[in-house]
Amino acid sequence: MLKKTLLLGLAAGLAFAGAAMAQDPVKIVYIGKNTGNPYFDSITGGFEDACKAKGCEFEFVAPATAEATSQIPFIEAQIQRGVNVIGIAPNSPDALNQVLDDARAKGILVLTVNGDLTGNESHRDATILPVNFDIVGRDQVEMVGSLIGYEGEIAILSATTEAPDQNKWIVGMNETLKTDPKYAKMNLVATVYGDDQPEKSTTEMEALLSNYPNLKGVIAPTTVGIAAAAQVVQSRGIADKVQVTGLGLPSEMRDFVKDGTVKAFQLWSPYNEGWLAVHFALGVLDGSIKNEVGSTFEVPNLGTITINANNSINTQAELTTFTAENIDDFNF
Amino acid sequence: MSTLETPAPTSGHDAAPARPRWQVVLVRPETMTLILLILGIFAGGLLSPFFLDISYILRSFTLYSEFAMVALVLTMVIIAGEIDLSPAANMALSACIFAWLQQAGVPIPAAVAVGLASGLAMGALNAFMVIGLQLPSIIVTIGTLTLYRGLAQVIAGDKSIRVPEWFIGIDKIMVAGIPLPVVLFVVVALVLGIVLGGTIFGRQIYQVGTSEVAARHAGIRAARIKLVLFLLVGLVAATAGIMTASRLGSVRYDLGLGGELQMVLMAMLGGTYIFGGRGTILGTFLAAWLLVIVSTGMIVANVLPAVQLVVLGALLIVSIIATNFIYSRTQR
């Protein structure tokens, strides 16, 4: 095995370089779902600004595609780089369990940020979510209901069939529609998946419109989906017939809101997730924050934050609703 | 490793003067793969101080070892003049069948046996359509790729199926400090290398791939050879699928998604000629390491995924051009 001897020789030569870097400032990395997703720019911005303020090193990495296992080599690489904190938006609720356990065994603080390992919470240290995800489904149903007068056919345009967050919200939407008499006259006719790809989302939206001519409202709880749906409604000029709402980025939705294609949509501040993650991680590492359910800590600009059940931390209490009146106040 | 080096079948067939011995040994596609591999190791070391760590590289190899094992068998299929694009889907379906059975209470050994048998059956279906019905293997296996993946989704749905705790972690089992999947890969490579390079069966595979008609006239049972190869791909793919299940701790229908391209990439990088008749196990063996070294080196250096794709694409093109150039300039 010539190759191995070669490797060992080189490894020995470079061992010094590795050792010399061990005592540097806290190294934080955030692993996104995939590249080319503008949503993560905003989260990353929060990480960067907080690290600038607090004096830590930050890097963002992400695989090219959002498959279940595509993040594994990236986690392995960060373990190898000796980072102190791994923040991750997991692509799978369980395929990462083993490698995240490896990271934690090496003393790395593992935080899921903007997405969680639902059902496998023991494989990360804490999760940072923008709002309590249990209420997102309910709030989205209320949003579309208020837009269509609580009556008529609605549909859901989601991300991929496996996306854990979206699926959780869809369950919440279905429960709310079934159990709350306020929404008894609203009829969910279809749930379709645009895979968070603009082309597929557009195709699915057009199929919805032709299959359900009486459709009154569409909930797209994903930034790619809502933009694609709004584009279809705008180009067909049917904004008075079909109400598009859901979760979107103000920067991408601004034009649709200004020209009346979309009346209102919701989201939170992704920026604050990164901002909070850094403050929390540094606090846990230096011992000033106890990562225990019920303990509280202060974060500049966000106030007092409480650690909820399952070590879940929220940056805000409720979804922010964006309309023509307030959309110019947000720049992410 | 030198046992894998098949003594090149030199001249003898015609009156052309024999090439000098150094040319026979050195001017071959595997040499290029080896040179690229060495360059890759140096480049990786220059890119990141964390790269040249043998245990990290071995750990990273386990992430690719399942695909690499299948790629070894696929090399023989390609040499025989056929192709099989379904093994990654086969991995998913075998693993789903295995996981579903063990969840339903079937003892693990029996579930593994049924999983392996289903892999064989999938190979047999491919063989039946290619050999029995005389359909082109590329079309057949694109079809079965979709079929097997679809069946896996029928069995597992969108949920993941857990495997028992004791079954998890094949990649954590060390044999003389080397993870078990890597050891298995090396063993499979040695066995197949000897079969292909040192047995009559192996020579017949080359002859079938060079000219099936001529081979049949020479009394070689081409159909039987291809049947054996398709069955072997099926069996090894099923083994790889169950190994992946053990590594990840859970099984989903999207296990190994897109793996067929990685397998073909390994075979091509190793100098296997896509039209059959040429190629070696050694080449694919080296190419698997090359792929891991290059991908891992870039990931641990936080190289942008877009750049990673460009580098991998460029590597493939270089290797195809070099392979064709070498084969066109030399007699076999």
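The values are calculated or read from the model by the stated rules, or taken from the named source; none is laboratory data. None of the values given here were measured: they were computed from a predicted structure. So basically every Cβ, Gly included, is an ideal-geometry build from the backbone, and we count neighbours across all protein chains shown.
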> Looking at (1) on the phi < 0 side of the Ramachandran plot; (2) touching a residue at least 40 places away in the same chain (Cβ under 8 Å); (3) of a type outside the set (Asp, Glu), which is the one condition that is false for A:Gly246?
Replying inline: (1)
> (1) part of a helix (DSSP H, G or I); (2) in contact (Cβ under 8 Å) with a residue 24 or more places away in the chain; (3) under 24 Å from B:Met91 (Cα atoms): which one isn't true of B:Asp254, the others all being true?
Replying inline: (1)
>> If I go through the stretch B:200-225 residue by residue, how many of them are of a type in the set (D, E, K, R) and either in contact with a Gly (Cβ under 6 Å, 6 or more places away or on another chain) or touching a residue at least 24 places away in the same chain (Cβ under 8 Å) (or both)?
In response: 1
> What pairs can you find where one residue is in the stretch B:65-77 and more than 21 Å from B:Leu180 (Cα to Cα), the other is modelled with pLDDT of 95 or more and not in a helix (DSSP H, G or I), and their Cβ atoms are less than 7 Å apart, with a gap of 6+ or different chains?
Replying inline: B:Leu74/B:Asp84; B:Val77/B:Ile83; B:Val77/B:Asp84
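Residues A:Glu325, A:Glu252: which one is surrounded by fewer than 21 Cβ atoms within 10 Å (Cβ to Cβ), charged (D, E, K, R) and assigned to a helix (DSSP H, G or I)?
Values: A:Glu325 fails: assigned to a helix (DSSP H, G or I).
Criteria check complete, one pass: A:Glu252.
Just give me the residues in the stretch B:69-105 being part of a loop (DSSP other than H, G, I, E, B) and either farther than 19 Å from B:Gly157 by Cβ or basic (Lys, Arg) (or both), in sequence order. First the steps, then the outcome.
Taking the stretch B:69-105 as the starting set, the residues that turn out to be part of a loop (DSSP other than H, G, I, E, B) are B:80-86, B:104-105.
Result: B:Ala80, B:Gly81, B:Glu82, B:Ile83, B:Asp84, B:Leu85, B:Ser86.
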>> I need the strands (runs of 3 or more DSSP E) fully contained in the stretch A:55-126, keeping only those with at least 2 residues that are more than 7 Å from every other protein chain (Cβ to nearest Cβ) and of a type outside the set (A, V, I, L, M).
In response: A:57-61
> Among all residue pairs at least 6 apart or on different chains, which show Cβ distances below 6 Å where the first residue, located in the stretch A:164-192, is assigned by TED's automatic domain parsing to the domain that holds A:Ile226 and the second is among the acidic types (Asp, Glu)?
Replying inline: A:Lys185/A:Glu151; A:Asn187/A:Glu153; A:Val189/A:Glu153; A:Val192/A:Glu204
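When the residues of the stretch A:127-144 are filtered to those that are part of a strand (DSSP E or B) and not hydroxyl-bearing (Ser, Thr, Tyr), which remaining residue is surrounded by the fewest Cβ atoms within 10 Å (Cβ to Cβ)? Please lay out each step first, then the result.
We begin by selecting, within the stretch A:127-144, every residue part of a strand (DSSP E or B); these are A:127-129.
From what's left, not hydroxyl-bearing (Ser, Thr, Tyr): A:128-129.
Details: A:Ile128: 26, A:Leu129: 21.
Out of the qualifying residues, it is A:Leu129.
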> Within the stretch A:84-94, which residues are modelled with pLDDT of 90 or more, surrounded by 22 or more Cβ atoms within 10 Å (Cβ to Cβ) and more than 15 Å from the chain's Cα centre (by Cα)?
Replying inline: A:Val85, A:Ile86
> Going through the stretch B:263-287 one residue at a time, which ones are more than 12 Å from chain A (Cβ to nearest Cβ) and closer than 13 Å to B:Ser65 by Cα?
Replying inline: B:Met263, B:Met266, B:Thr284, B:Ala287
>> What pairs come out if I take residues in the stretch A:77-102 that are under 18 Å from B:Trp166 (Cα atoms) and pair them with residues that are of a type in the set (S, T, N, Q) and part of a loop (DSSP other than H, G, I, E, B) whose C-beta lies under 7 Å away, six or more apart or interchain?
In response: A:Asp94/A:Asn120; A:Asp94/B:Ser160; A:Ala95/A:Thr69; A:Leu96/A:Gln71; A:Asn97/A:Asn120
>> Considering only residues that are outside any helix (DSSP H, G or I) and either in contact with a Lys or Arg (Cβ under 8 Å, 6 or more places away or on another chain) or more than 8 Å from chain A (Cβ to nearest Cβ) (or both), which ones fall in the stretch B:28-50?
In response: B:Arg28, B:Ser48, B:Phe50
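Taking B:Ile225 as the residue in question, decide whether it is at pLDDT 95 or above and over 29 Å from B:Thr62 (Cα atoms).
Working: at pLDDT 95 or above: yes; over 29 Å from B:Thr62 (Cα atoms): yes.
For B:Ile225, the condition - at pLDDT 95 or above and over 29 Å from B:Thr62 (Cα atoms) - is met.
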